[in-house]
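See below for the structure under consideration.
The values are calculated or read from the model by the stated rules, or taken from the named source; none is laboratory data. Quick caveat: nothing in here was measured; it's all calculated off a predicted structure. Note that we place each Cβ from the backbone using ideal geometry, even for glycine, and neighbour counts take in every protein chain shown.
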Ligand SMILES: Nc1ncnc2c1ncn2[C@@H]1O[C@H](COP(=O)(O)OP(=O)(O)OP(=O)(O)O)[C@@H](O)[C@H]1O
Ligand SMILES: [Mg+2]
């Protein structure tokens, strides 16, 4: 057990950690906080939900001079929701030090952000597109940044973002400390990463599998046309506290949401075509439990930390094993248990094996659920309610009527009628989804520009092309013409 105290963390942050209920450091925190404090560049890789945010956040906060009202720490994250979440976590960590943190992302009014920037934040957490807009308009000054973090680093250095990241890093002094974190770090991306850093220390938390062991990983083999019924049956059997269902495209997400609502589930969708206001309201409803099922594209695959997500369903199997790791990692966080179920059509079985091979984990075959099992699942909820009522007692006022009924009918019939009355029977509204192509085992390049990439970004973040090839530039060459101008 490593205490935060033994890592040499200052009093204001210790106080914040105590308030947040962090008792001991997680392995990635234990290993990277000292390096971060020593000013080293770090590539940190650790499984989903193991506290990478605080691992880069704590040393960044420690090194910030509160009196200097300049942006000293910059974090770049791939989605708006993640930028907001990371900013909130850093705000909590820096609370007693009194630092200001500001999220900057697309879909929010520019002038509001400009006002926020004029307020003198010490730390900015940004999505790349909007940050570049501010840099080009000269509405942000990042020339005093001494610590830069790429959260979800492999995603940030992937085809869709790499040029933006290079442009952003050019606006930061070369003497900066650069920290890269993710649960996945394909070799090719790691190589690109080192060109942006100064002799980085690579920290990889030792684990046999890329995924956390507290996620129970399953798959069902199911034909495309039977997927939707299988999904609603599973939902009735599992009764998740909160569930995320991943679909391949925005259209798919919309159709799934409509279908689930038609069958009486409290489901809402999130993807890059929705307005920022809508994205936020859906996510907030989900966090508060007013919506039980979040249907999402990969826009929600990375980094999001929502407590209570007990189940993740891959309605469509993701193209990349990395995406699989991040998607299922929305459950089983901070040591909690979680369940993941992936739907695989017979033609996609080889893709499943590829994912298992890359992630070094195994998915258990789950049999396709039947409507009878689903019914029993629904009845089970009623039975549990009934048992709770029995345990509670206070039934005296009902006993006389109860025995009168039992004089006339047998007990099983009476109880069956009561259960039927109390059970919310599922509407079996027929739902047909548009057909989709199965995922092919032929992997696209790591530097892909696939459909998910487009899904990832919201409107207005799409301006920059996805197809630009990463230029093979070394750090020195890249910064040569920049020298002196910072
Ligand atoms: N030392 C700790 N003790 C207890 N809880 C912690 C600790 N560190 C982080 N947490 C909590 O664990 C959860 C997961 O942390 P975080 O979001 O940083 O994970 P992550 O490693 O970045 O995951 P991902 O790869 O999905 O982005 C958060 O709710 C966070 O507040
Ligand atoms: Mg994270």
- [ ] Name the strands (runs of 3 or more DSSP E) wholly inside region 110-205 in which the number of residues that are assigned by TED's automatic domain parsing to the domain that holds residue 34 and within 16 Å of ligand 1 (Cβ to nearest atom) is 3 or more.
- [x] 147-151, 177-182
Task: Tally, over region 8-34, of residues that are at pLDDT 95 or above, within 20 Å of residue 94 (Cβ to Cβ), more than 7 Å from ligand 1 (Cβ to nearest atom) and surrounded by fewer than 20 Cβ atoms within 10 Å (Cβ to Cβ) - done: 8
TODO: Return the residue satisfying two criteria in turn: it lies in region 262-318 and is touching a helix residue (DSSP H, G or I) at 6+ places or on another chain (Cβ under 9 Å) and assigned to a helix (DSSP H, G or I), and of such residues it is farthest from residue 328 (Cα to Cα).
DONE: 276
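Given the condition in contact with a strand residue (DSSP E or B) (Cβ under 6 Å, 6 or more places away or on another chain) and surrounded by fewer than 22 Cβ atoms within 10 Å (Cβ to Cβ), answer yes or no: does some residue in region 229-236 qualify?
We begin by selecting, within region 229-236, every residue in contact with a strand residue (DSSP E or B) (Cβ under 6 Å, 6 or more places away or on another chain); these are none.
No; the residues of region 229-236 include none that is in contact with a strand residue (DSSP E or B) (Cβ under 6 Å, 6 or more places away or on another chain) and surrounded by fewer than 22 Cβ atoms within 10 Å (Cβ to Cβ).
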Task: In region 35-72, the residues that are within 16 Å of ligand 1 (Cβ to nearest atom) and either assigned to a loop (DSSP other than H, G, I, E, B) or not assigned by TED's automatic domain parsing to the domain that holds residue 96 (or both) - done: 46, 47, 48, 49, 50, 51
TODO: Would you be able to say whether some residue in region 379-386 is over 31 Å from the mean Cα position of the chain (by Cα) and loosely packed, with under 10 Cβ neighbours inside 10 Å?
DONE: no
Task: Residue check, residue 76 within 12 Å of ligand 2 (Cβ to nearest atom) and touching a helix residue (DSSP H, G or I) at 6+ places or on another chain (Cβ under 8 Å) - done: no
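So how many residues does region 281-309 have that are without any contact (Cβ under 8 Å) to a residue 24 or more places away in the chain and within 20 Å of residue 53 (Cβ to Cβ)?
Residues that pass the stated criteria total 2.
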Task: Some residue of region 7-18 being within 16 Å of ligand 2 (Cβ to nearest atom) and outside any loop (DSSP other than H, G, I, E, B) - done: no
